[in-house]
Each structure stands twice: as C-alpha cells, then as structure tokens.
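Below is one structure, written out as structure tokens; the observations come after it.
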Amino acid sequence: MGIVGVLGVLAVVSFALFALVLKPYRAPSESMVPTIQAGDRFVVNRLAGPDVGEVVVFNPPAAAVGQGAKCGAEVSETQLCPKPGETRAAVTFVKRVIAGPGDRLAIRGGRVILDGKPLAEPYARACRGAPGCEFEAEITVPDGHWYMVGDNRGASDDSRFWGPVPEDWITGQVFMKYWPLSELGGI
C-alpha cells in the first residue's frame, strides 16, 4: 500500500472516530444564557461523562416535554423534584450538572447549596424573583442520577421541576462552541 492508500485509510479512520466520539448540537433556547445563547452551535464529547459544573447534553424524562406529571414524586411547587419519571424523552436538552449521586442539594435564591456549602457559580444568571428560584427543603440525588439546571435560572425548565437524570440518558459533555465564530472555543 502506497502513501496515498495509507493517507486514505487514516482519513477514513479519523472520520469514523470523529463521528463516533463527537457530535454537533444547536442550542434551542435561552436556558443556558450567558454560557450558550439560543442558536449557538457546539460539539459534545460522547466519551466524557457527567461531572458537577460541566455542561452536558442528555435526554430528559418525558415529563419535561409535557408528557405526563412533571415530577416522578408528589411534591409541592416549593420543593425540588427528587425523582424523575420513568420514561425517557426522545428530544435532547443542554444544561449544567449541579449535583451528582449521593449529593445533598438545596436551592436558595436561585443559587445551589451542595452538601451544605454554596457552589461557586460565576456562570449562573440571577433569578430575580422568578418562579423556581426558592425551594423549602434539601434533597439527596439518587444513586446513578445527576441533577441538571440551566445557567439562566429564571428561564430554564430543568431538574428542579422534573427531577434528576439517569446517567445512561446522558449523551456527553459539551466541550467546544463553534458558532458563532466570534465565540469559537471551549466551554
């Protein structure tokens, strides 16, 4: 096999790896402002799992898109949802991971209190009294689940209302924004 053949094989293998590991997405809403604007385009690394503070793409519970009761447990409007519905939605969302399995979580004034300590969140936009910014009690995130919240707390429908996301519903971590070009770079 000559140099052209080797280069051809390398090109095919590189393209296949890129297609299997990286996947492009487009932000559908303002829920992640200021980090990601509606219409921004970004790439997700499917090999990178969730971690607190990271932005991820995932399938939410079906209730998140209007199919059934929002939370998988009976809660009042002033309580965080501790349990998702059992059905996975076909759509994908992009949000920030704020808590993982076994973490104790509270939200006060739109800010995350993780294991009794305020989480540093320079990316979070203030709630400004919007619904869903103040919750009465702390919850513990169940094993194998992650809690997702939008950076634009006053304009995000997220785990606060429909519960944590099972780990196997997570596609991967957002690692690079590529559109608009003026914002090309890591997230």
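Values quoted throughout were computed directly from the atomic coordinates according to the rules given, and no laboratory measurement underlies them. Since the model is a prediction, treat every value here as computed from it, not as a measurement. FYI the Cβ positions are ideal-geometry reconstructions off the backbone, even for glycines, and counts take in every protein chain you see.
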From Val75, Val55, grab the single residue that is surrounded by 16 or more Cβ atoms within 10 Å (Cβ to Cβ), touching a residue at least 24 places away in the same chain (Cβ under 8 Å) and farther than 16 Å from Pro166 by Cβ. Val55
For the structure I just gave you, tell me whether Cys127 is in a loop (DSSP other than H, G, I, E, B), free of Cβ contacts under 8 Å to residues at least 40 places away in the same chain and buried (at least 17 other Cβ atoms within 10 Å of the Cβ). yes
On the given criteria, is Ala137 assigned to a loop (DSSP other than H, G, I, E, B) and touching a residue at least 24 places away in the same chain (Cβ under 8 Å)? yes
Given the condition in contact with a Cys (Cβ under 7 Å, 6 or more places away or on another chain) and either among the polar types (S, T, N, Q) or surrounded by 21 or more Cβ atoms within 10 Å (Cβ to Cβ) (or both), answer yes or no: does some residue in segment 133-151 qualify? no
Neighbours by Cβ (under 8 Å, 6+ apart or cross-chain): first from segment 165-176, under 14 Å from His145 (Cα atoms); second part of a helix (DSSP H, G or I): Val165/Ser159
Tell me whether segment 141-154 contains one or more residues that are part of a strand (DSSP E or B) and of a type in the set (A, V, I, L, M). yes
Quick one: count up the residues across segment 109-124 that are in a strand (DSSP E or B) and without any contact (Cβ under 8 Å) to a residue 12 or more places away in the chain. 2
Could you grab me the full set of residues in segment 170-185 that are assigned to a helix (DSSP H, G or I) and either on the phi > 0 side of the Ramachandran plot or exposed (fewer than 14 other Cβ atoms within 10 Å of the Cβ) (or both)? Leu181, Ser182
Counting only residues that are in contact with a Ser or Thr (Cβ under 8 Å, 6 or more places away or on another chain) and of a type outside the set (A, V, I, L, M), segment 152-187 contains a total of 5
